[in-house]
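S.K.: Have a look at this one before I ask anything.
No lab work stands behind these numbers, since they all come straight from the coordinates. Just so it is clear, the structure is predicted and the values come from calculations on it, not from any experiment. Neighbour counts are summed over all protein chains in view; Cβ atoms, including those assigned to glycine, are modelled from backbone coordinates with ideal geometry.
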Amino acid sequence: MTEKGFILTTYNSNIDRGSVKWSSPSNIALVKYWGKKEHQIPENPSLSFTLSDCKTITEVTYTKKSGNDFSFDVFFEGEKNEAFKPKIQTFFERIELYMPFLRDYHFKIETSNTFPHSSGIASSASGMSAIALCLMSIEQELTSDVISTERSMSDEKSQMYFNQKASFLARLGSGSACRSIEGELVVWGKNESTESSDLFGVRFDGEVHPNFKNYQDAILLVDKGEKQVSSTVGHKLMYGHPFAKERFAQAHQNLAELTKVLASGNMKGFIEIVESEALTLHAMMMTSMPYFILMKPNTLEIINKIWAYRAKNDSNICFTLDAGANVHVLFPKAEEIKVYEFIKRELVAYCQNGHYICDSVGKGATPL
Ligand code: DP6
């Protein structure tokens, strides 16, 4: 599929109003996306676990309007929110070509998260994917009685088109959001090892050993404050970064290795790649110009405790990080009881107000 294939050409403009609602999860990258080209095209492929419980729930009500401007209101957790508007305005501008009905309607966007606001968890992946899915449902309603190419597709093909275009739109809102449409493992970015595209995320098509089914993710909230450097700024600092070329090549290698590890069930291999990816991401931040550090002292305390626990116990616990200080603790379901005891006993002390979130790998977004 090319960009052109996502341009909607015919739709029914006689529909006056309607309402659609989606729940869409967050995701955590195992191979990290860090660095992008124009139009949200990633510099390297990434692979993520879709999460199950950290979700955004968004309802979009659309009403026919006159005038040619974008018109929308955003309500976050029941309250009108002006702060989100510029991001959605930019999103609408980027996707307008693919959704020409955007100027025909006023949109009331009501959104809430299942995880605490200001938990320091990036809500852009779940938030942008939820809006993208709502807009796709609207597109579907506006095209349901139009003889279009989409109509003549088989159910399976039109479901694939729906998911691919939802992911394509979500990507234009926030890169990592394109990996939140489906589960349980999603790849984004062209590479030699898997079926994939730079334009949207697709379900990982490789073999996955039972060892990696039902993985758990405990998100330790080390710092709930606003990040000093946003991901968008961080990505830009990969332009002219002294290690960029090597880093992008390494992501390809790590994805190829991880594909083998996922198939064979090699837990030690998994740990090595996932932790190395997390530390490399932060190493890229520390070696950018200007340089910056998003980890906090407690991030390092937790990492050291995890290493000590793993050395002492016969455990496959490991960690990963996103662009912040919080630590994602990943472990197999079979270790759940022991790991949560360990977290309560030794790690909670390093979490802000003792807060952490228990999540696991999920299957993707659902219509409500
Ligand atoms: C470190 O998707 O938040 O979490 O495309 O600018 O919105 P934008 O960035 P974003 O970057 C996420 C970076 C990351 C790694 C990852 O999720 O792969």
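S.K.: If R₀ is 41 angstrom, what is the calculated FRET efficiency for the pair Arg310 and Arg103, using the beta carbon separation as r and rounding to 0.05?
M.R.: 0.15
S.K.: Only four residue types carry charge here, +1 at the Cβ of Lys and Arg and -1 at the Cβ of Asp and Glu. Report the dipole size of the chain about the Cα centre in Debye, rounded to the nearest 20.
M.R.: With Lys and Arg at +1 and Asp and Glu at -1, about 460 debye.
S.K.: Moving to a separate point now. If I model a spin label as a point 7 Å beyond the Cα along the Cα-Cβ vector, how far apart are those points for Glu336 and Lys268 in nm?
M.R.: 2.8
S.K.: Would you list which lysines come within 16 Å of Lys65, measuring only between C-alpha atoms, while excluding same-chain residues fewer than 8 positions from it?
M.R.: Straight-line reach from Lys65, under 16 Å: Lys108.
S.K.: Compute the relative contact order of the chain as a whole-number percentage, counting only Cα pairs closer than 8 Å that sit 6 or more residues apart in sequence.
M.R.: Once divided by the residue count of the chain, the mean separation gives 24 percent.
S.K.: Here is a follow-up. So what's the gap between the Cα centers of region 10-24 and region 45-100, to the nearest angstrom?
M.R.: 14
S.K.: Using only Cα atoms and rounding to the nearest 10 degrees, what angle (0 to 90) does helix 267-286 make with the longest principal axis of the chain?
M.R.: Value to nearest ten degrees: 70.
S.K.: Rounded, prolate or oblate: which one fits region 38-160, using the alpha carbon gyration tensor with axes a ≥ b ≥ c (rounded when a/c is under 1.5, else prolate when a/b beats b/c, else oblate)?
M.R.: oblate
S.K.: If you don't mind, there's one more thing I want to ask. Give a residue-ordered list of calculated ³J(HN,Hα) values for region 193-205 (Karplus: 6.51 cos²θ - 1.76 cosθ + 1.60, θ = phi - 60°; whole Hz; x for Gly, Pro).
M.R.: After applying 6.51 cos²θ - 1.76 cosθ + 1.60, I find 8, 9, 5, 6, 8, 7, 8, 7, x, 10, 4, 4, 9 Hz.
S.K.: Treat the count of other C-beta atoms within 10 Å as a stand-in for reagent exposure and order Ser197, Ser276, Ser129 from fewest to most.
M.R.: Ser276, Ser197, Ser129
S.K.: Once the Cα atoms of helix 244-264 and of the chain are each reduced to a long axis, what angle between those two axes, in degrees from 0 to 90 to the nearest 10, is obtained?
M.R.: The helix 244-264 is inclined about 80 degrees to the chain.
S.K.: Straight-line reach from Lys296: which lysines fall under 21 Å, measuring Cα to Cα and dropping same-chain residues less than 8 apart?
M.R.: Lys32, Lys224, Lys227, Lys305, Lys344
S.K.: With a cut-off of 8 Å between alpha carbons and a minimum separation of six or more residues, what is the relative contact order of region 214-360 in percent?
M.R.: Averaging sequence separation for qualifying contacts and normalising by length gives 45 percent for region 214-360.
S.K.: Taking the Cα atoms only, what angle lies between the long axis of helix 85-95 and the longest principal axis of the chain, rounded to 10 degrees?
M.R.: Approximately 70 degrees, to the nearest ten.
S.K.: Suppose each label sits 7 Å from its Cα in the direction of the beta carbon; what would the Val146-Ser13 distance come out to in nanometres?
M.R.: So the label points at Val146 and Ser13 sit 1.0 nm apart.
S.K.: Calculated from DSSP H runs of 4 or more alone, at -39500 (n - 2.57) each and per residue, what is the 222 nm mean residue ellipticity of the chain, nearest 500?
M.R.: For the chain, the value works out to -10500 deg cm²/dmol.
S.K.: For a Förster distance of 41 Å, can you work out the FRET efficiency between the beta-carbons of Lys260 and His39, rounded to the nearest 0.05?
M.R.: Efficiency, rounded to the nearest 0.05: 0.80.
S.K.: Right, next: Under 17 Å Cα to Cα from Lys260, which lysines show up? Leave out anything in the same chain fewer than 8 places away.
M.R.: Lys213, Lys268
S.K.: Still on this model: Can you give the charge dipole size of region 3-203 about its Cα centre, rounded to the nearest 20 debye, using +1 on the beta carbon of Lys and Arg and -1 on the beta carbon of Asp and Glu?
M.R.: The calculated dipole for region 3-203 is roughly 260 debye.
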